[in-house]
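Derivation of every value follows stated rules applied to the coordinates shown; laboratory data play no part. Just so it is clear, the model here is predicted, and its values are computed rather than measured.
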Amino acid sequence: MAVSRKPAAASKTAAYVHGSQEISEQASTFSSFITLSKWGSLAIAAVLLALTIAFQPGGSIIGGLFAGIVLTAVGVLALKSKKSH
């Protein structure tokens, strides 16, 4: 006669209560990921715009730098964290 045994993982999952785990580290990691993603995207977009304008036929490096700086300034204003009450 075969004896049925529950795996060790089954007893651990039975003791788990949904919503009882501490998530402060996960929330902090997610917040850091979102912040890095938005500022990194702005930096990449500004560099790509500056290089595209600077190296296109008839383009200028000064014009590219100006466009990159303007995009960075507008992006900083749009992406900065909003103050919560």
task: Just subtract the alpha-carbon distance of Phe55 and Lys82 from 0.36 nm times their residue separation and send over the number in nm, one decimal.
output: 6.1 nm
query: From the backbone phi of segment 39-51, what are the Karplus-calculated ³J(HN,Hα) couplings (6.51 cos²θ - 1.76 cosθ + 1.60, θ = phi - 60°) in whole Hz, Gly and Pro given as x?
result: 6, x, 5, 4, 5, 5, 5, 5, 5, 4, 5, 4, 5
